[in-house]
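The values are calculated or read from the model by the stated rules, or taken from the named source; none is laboratory data. Here the structure is a predicted model, which is why all the values come from computation and not from measurement. Cβ atoms come from the backbone with ideal geometry, glycine included; neighbour counts cover every protein chain shown. The accessibility values were calculated without ligands, DNA or RNA, using every heavy atom of the protein model including side chains. Shrake-Rupley method; radii C 1.70, N 1.55, O 1.52, S 1.80 Å.
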Amino acid sequence: MPTSPNHRREEEEINIEPKPPPPPPPPNPNPNQMELPEDIVADILKRLPAKSLVRFRCVCKPWCSLITSPSFVRTHLKLNRSQFQSDLGTSTRIILSRYCDTLLSMVSENNNVVETVELDFALVRNLPYYVKGHSDGLLCLVINDGFGGMAVIYNPSIQEYRKLPSPCNFRSTREVLGLGFDSSIDDYKVVRVPSNYCRLKCPGYQPQVEVLELKTNSWRKIPDEDTPPFFIEHIFQATEVNGGLYWLAEDHDASRCVILRFDLAEEKFKVVLPPPDESCKSIAWIGALKDWLCVVHTRRLSDVHVWATKDDKNWTKIITTSRFPKIPGRDPFLDSFRYMPLCYTEKEAVLMSVRGERFVTFDTRDNTFEHVDIRGAQHWLQETVYCESLVSPGGGGNPTESAVALGSDVGVAEGEQDEDQTAVGDSTSSNSLRQLLVGLKREVHNLLVCSVGHRNINDDN
């Protein structure tokens, strides 16, 4: 039966043609570019050195927000703490303080050869200064500026510093300060303790203990009854271990040295009993190796013993030797009281300083020393072993200043980051961004090589 024209029109209206498929997405202008999830990016970045992360802050706004976030700073610090003092090539850094000269950083150790670089911290140039203590990558310095002195918190990894208010009757570099982290309040404390130099040289000197928290930025005095009857030499650095600050103090009544501990949470002092002494040895030095408090027990012209404790009670002897390296033109036994352990090397030897003159490594397995060649340094006053970190000297809100001299390209100020990001289309910014990405690629490659090597070592074991 033939179909009517009206019926054919209705069928044509019902059979609507389907819509054409959407066009394919435009091709990726850079086919080698790969977008990684944010959690993987964060996991990669947290394993990189702090100085690299400072440069990568200006790659893009998300990276800047991530790297400067408190949670990332804490995660990065926790990872670096676990590697601290295990190898000079990881998160461990050593700074050499020079009289009226810039700081030097020991950046690597390879086959007993150490390279040094000059830190761009103009505040100490041509001025006397001392490093008084350190904690989590923050250094506490006192600089004699000719106007009563100033205390400074400085992070050489991110090249930022902050001047602290001076306490009453502050006596510049002759003061004794310490810096440590109080986990009970999640803040760092600067502690001022009695100075032996001030006791001897400053008429009317009244010893007292004061504490400054970085977040509050003000000094407060602890009760007089909690002030210890001991005095500390101003050239000694404070040692931070396991929630306390330690100094080697002088007991004038007993004509002996004592180990003095200040609990950062309770803000109380106590005397730590020294290791057992069977041969009338004296304590020549105290410091830290990883999370151990260490002391050097020695008899002049004799031998050296290094003891360590984690609980201030039980001591373990970790080094003992009387086989000192021979130095041309010198009697090695005359330096037997000058050895100070600093950190471990990649070969698990102990890097030791012979105060301000040279470095040696000591292999505990065969009781032998080797000389270390220091490139770019001749004489120095202090060695400071610190952990690389992103921790800001501002303490969470207080302003900081850039330690970089005008015209240097070591760091990037916070105000400059937005300018770099808005000008990312310019050729100069593109070149800078390309260099940063190449640096990131190199850092990630080194990280992967180290991770594979570490895994292979574990598999072999």
Vicinal HN-Hα couplings computed from phi for the range 310-315 (Karplus, 6.51 cos²θ - 1.76 cosθ + 1.60; Hz; Gly/Pro x): 10, 10, 6, 10, 9, 9
Which distance in nm do the two modelled labels at C100 and R365 give, with both placed 7 Å along the Cα-to-Cβ direction? 4.7
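Mind ranking 260-272, 169-181 by how tightly packed they are, going by the mean number of other C-beta atoms within 10 angstrom, highest first? Kindly include the intermediate steps, with their values, before the conclusion.
Details: 260-272: 18.1, 169-181: 21.5.
So the peptides 260-272, 169-181, ranked by packing, come out 169-181, 260-272.
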Quick check: from the Cα gyration tensor, does the range 133-227 come out rounded (a/c under 1.5), prolate or oblate? oblate
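Keeping the other protein chains in place, figure out the carbon and sulfur percent of the accessible area of the range 115-210, with a 1.4 Å probe.
Percent of accessible area from carbon and sulfur atoms in the range 115-210: 47.
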Cut-off under 5 Å, modelled amide H: who pairs with K132 long-range: C140, L141, V142
Quick one: 3J(HN,Hα) in Hz for the range 42-53, Karplus 6.51/-1.76/1.60 with θ = phi - 60°, rounded, Gly and Pro as x. 5, 5, 6, 5, 5, 9, 8, x, 4, 5, 5, 5
